[in-house]
Amino acid sequence: MNVADKKRLLREMLYARRFEERCYEAYVERKIGGFLHLYPGQEACCHGVLEAARPGQDYVITGYRDHVHAIKCGADPKEVMAELYAKETGSSKGRGGSMHIFDTGHHFMGGYALVGGPFPLAAGMAKAIKMKGGDEIAICFLGDAANNQGTFHESLNMAKLWELPVLYVCENNLYGIGTRIDRSTAVIEQYKRVSGYNIPSAQEDGQDIEKVFKAAKKAVDYVRSGNGPYFLELMTYRYRGHSMSDSNAYRSKKEERMWSERDPIIMLRDRLIKAGEISKDDYKAMDTEILDNIENEVIAFAESSPEPRVDELEKYVLAENDPWVYGGGR
Amino acid sequence: MAQIMYWEALRRAHDEEMDRDPLVICMGEDIGVAGGTYKATKGLYDKYGAERVIDTPISENGYTGLGIGASFLGVRPIIEIMSVNFAWLAMDQLFNSAAKVRYMSGGQLTAPLVVRSAGGTAHQLGAQHSARMEKVFMGIAGLRVVTPSNPRQAYGLLKSAVRCDDPVYINEHELMYNMKGEVPDEEYFQPLEGSEIAREGSDVTLFGYNISVHWCLQAAQTLAKEHAINAEVVDLFALSPLDRSGIAASVRKTHRAVIVEEAEPAVGVGAEVMAIINEECFFELDAAPLRVSAANVPMPYNHGLEKAAIPNAGDVVAAVRKMLGK
């Protein structure tokens, strides 16, 4: 990772942070409905891992905290915000919402709202990649609490059994909604749980993007070289509640302060300032430019976009005019 | 036109589609080396290899989800779930992922997979191996549900389902795999929507699907021979979407309807067909429609109790006679 990469990643992570914070405001203004799960605090996980992979080519799938992963894969932030605004110009044409961002053109294969749902889907994409003989890999980002679903165990077993090219990234933010990991999970260190499936794994500091990148590079190279699945656990923290409807009353101020002192963006910023690569003013200018972009481009696009047409309510339920529905002949 | 068994028809459809398209695969418990509980994939492991004829662990939700993920990238999986009772475990992936992904992605993604599963009551298999679950699958938007009543349909529905871009659930029956019937020698594609008139008639329409079509045909023979009633039998091989116009057309002709289902009556095929009749052609009716359904009990083990729990041709005859006052 050279200096130019670090500067770009600083901007990308700050963009992700400001994007999510703006979502918060729009939700409070009731411009965004439904459930909204925000990513601040965890930015180094998504950006560090995907920086080590090939975003846009590798197939990425995740849960409902999905805006930032989609954007890092190449989704247009305008379309992601328009989706949150439930507009026809949204990435899922206003039919999906915050938890169901998709951009298949950039191989971002979706956000899914059933905890643990993407585990087998990722293994299946890896199976397809293997059959087709490509050198892409499947990458599945999920939280620690998903590992208590049956799909986790069923998928790891099959992924190893068939040596599928899939990287499972566990963003361990220590809480499953409001239940702390030690109250829900017998084995707290998640990377140890996959040893029962003979899958190699590692645990890394998820707040330091350089460390994440290094660990992810090893993981991605391993999977891409045809060695089978890999499991990477990243220790991280989400600053806000699980979703906007979560009062976040279950965590102590002390704990929150401890984690905010290890903020992934601030750590990288201070490192670059200390190395003389950027100045405080550069950072401020970058922040202002990002805020302007989000307001003038992203929000403006979402605000001014049309709603889906009610007469297209039933569009996208089934394939349109599929000849095989009619016996192929018509 | 050859007479072949239901399982042979399924096997032929698998073989032809796998031969045509290297991205067609099949997956399930014991379908490979062992050749399949119902022989629907017999010999295919040797022909196409372990990468395409996949013996899965007993992880129904997991391997169904894996098939869905593979289908996102153009693979066409045919998944056999050994029994519909086990398909309950796969409902999360089938309903939450496969059926909804096209809609919630705004049309970007689709899950073109086929799930085949054997349901129905067989030989004293007890409460957890005798479920009839088609009514559950029918209620899910984004999922097609078909149910073959004979080898021709079994062959033609699987052929069409593999090629269709929607997820398709094929509801088969434990007792029907050895049933013989004519299947065209040339390739044949059964539409995934519609219904078939299995017997022309004029006095009453008997609506059946899968095994109950045969009870209806048996009942129609008895009604004709012993009671001078000419019953029409409509085979609802497509359960979702149901053939509204086909259902209404037959009722407009006979003015009477009896719906015969092997499943419990609540929230079922009979209820849905009755609702369609009400909505489409209520004023054509000369009598209130009737349902012939299973008793609302977990299936008992005792053979006598089991027989009493599910309908038969005699029950259909009795229902029609009651309706017509004969």
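No lab work stands behind these numbers, since they all come straight from the coordinates. Note that the structure is predicted; figures quoted are calculated from it, not measured. Note that we place each Cβ from the backbone using ideal geometry, even for glycine, and neighbour counts take in every protein chain shown.
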Would you confirm whether any residue within region A:125-141 is more than 13 Å from every other protein chain (Cβ to nearest Cβ), assigned to a helix (DSSP H, G or I) and not charged (D, E, K, R)?
no
Checked region A:168-190 for anything under 19 Å from the mean Cα position of the chain (by Cα) and away from chain B (no Cβ under 14 Å); matches are A:Val169, A:Cys170, A:Glu171, A:Asn172, A:Asn173, A:Leu174, A:Tyr175, A:Gly176, A:Ile177, A:Gln190
Extreme residue, nearest to the other protein chains (Cβ to nearest Cβ), among residues of region B:7-64 that are of a type in the set (S, T, N, Q), under 28 Å from A:Phe152 (Cα atoms) and touching an Asp or Glu at 6+ places or on another chain (Cβ under 8 Å):
B:Ser59
Matching residues in region B:243-260 - criterion: being assigned to a loop (DSSP other than H, G, I, E, B) and free of Cβ contacts under 8 Å to residues at least 60 places away in the same chain
B:Asp243, B:His255
Checked against (1) in contact with a strand residue (DSSP E or B) (Cβ under 8 Å, 6 or more places away or on another chain); (2) surrounded by 24 or more Cβ atoms within 10 Å (Cβ to Cβ), A:Met158 satisfies every condition except (1)
For region A:294-327, which positions are free of Cβ contacts under 8 Å to residues at least 60 places away in the same chain and either more than 13 Å from chain B (Cβ to nearest Cβ) or not in a loop (DSSP other than H, G, I, E, B) (or both)?
A:Asn296, A:Ala300, A:Ser304, A:Val310, A:Asp311, A:Glu312, A:Pro323, A:Trp324, A:Val325, A:Tyr326
Among the residues of region B:275-313, how many are part of a helix (DSSP H, G or I) and without any contact (Cβ under 8 Å) to a residue 40 or more places away in the chain?
14
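Given the options B:Ala220, B:Ala231, name the one that is buried (at least 19 other Cβ atoms within 10 Å of the Cβ) and free of Cβ contacts under 8 Å to residues at least 24 places away in the same chain.
B:Ala220
The rows are residues; the columns are (1) more than 21 Å from the chain's Cα centre (by Cα); (2) within 30 Å of B:Gln128 (Cα to Cα).
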position	(1), (2)
B:Gln221	yes, no
B:Lys225	yes, no
B:Leu239	no, yes
B:Leu242	no, yes
B:Ala257	no, no
B:Glu272	no, yes
B:Glu284	yes, no
B:Val297	yes, yes
B:Tyr301	yes, yes
So A:Ile71, is it among the β-branched types (Val, Ile, Thr) and not in a loop (DSSP other than H, G, I, E, B)
yes
Looking at region B:1-73, what strands (runs of 3 or more DSSP E) fall wholly within it and have at least 2 residues that are crowded, with 22+ Cβ neighbours inside 10 Å and within 24 Å of the chain's Cα centre (by Cα)?
B:24-28, B:53-55
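Can you name the residue in region A:92-111 that is in contact with a Phe, Trp or Tyr (Cβ under 7 Å, 6 or more places away or on another chain) and within 7 Å of another protein chain (Cβ to nearest Cβ) and, of all such residues, is farthest from A:Asp66 (Cα to Cα)? If you could, list the steps in order and put the result at the bottom.
From region A:92-111, those in contact with a Phe, Trp or Tyr (Cβ under 7 Å, 6 or more places away or on another chain) are A:92, A:95-96, A:98-99, A:102, A:107-111; that's our starting set.
Adding the requirement that they be within 7 Å of another protein chain (Cβ to nearest Cβ) leaves A:92, A:95-96, A:102, A:109-110.
Numbers: A:Ser92: 13, A:Arg95: 15, A:Gly96: 12, A:Phe102: 9, A:Met109: 11, A:Gly110: 8 Å.
Out of the qualifying residues, it is A:Arg95.
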Could you tell me which of the residues A:Arg271, A:Arg257 is crowded, with 16+ Cβ neighbours inside 10 Å, in a helix (DSSP H, G or I) and either over 24 Å from the mean Cα position of the chain (by Cα) or more than 14 Å from chain B (Cβ to nearest Cβ) (or both)?
A:Arg271
Name the residues in region B:87-130 that are within 14 Å of chain A (Cβ to nearest Cβ), touching a residue at least 40 places away in the same chain (Cβ under 8 Å) and not aliphatic (A, V, I, L, M), would you?
B:Trp88, B:Phe95, B:Lys100, B:Arg102, B:Thr110, B:Pro112
What is the number of the single condition among (1) in a loop (DSSP other than H, G, I, E, B); (2) within 14 Å of chain B (Cβ to nearest Cβ); (3) touching a helix residue (DSSP H, G or I) at 6+ places or on another chain (Cβ under 8 Å); (4) not aliphatic (A, V, I, L, M) that A:Tyr59 does not meet?
(1)
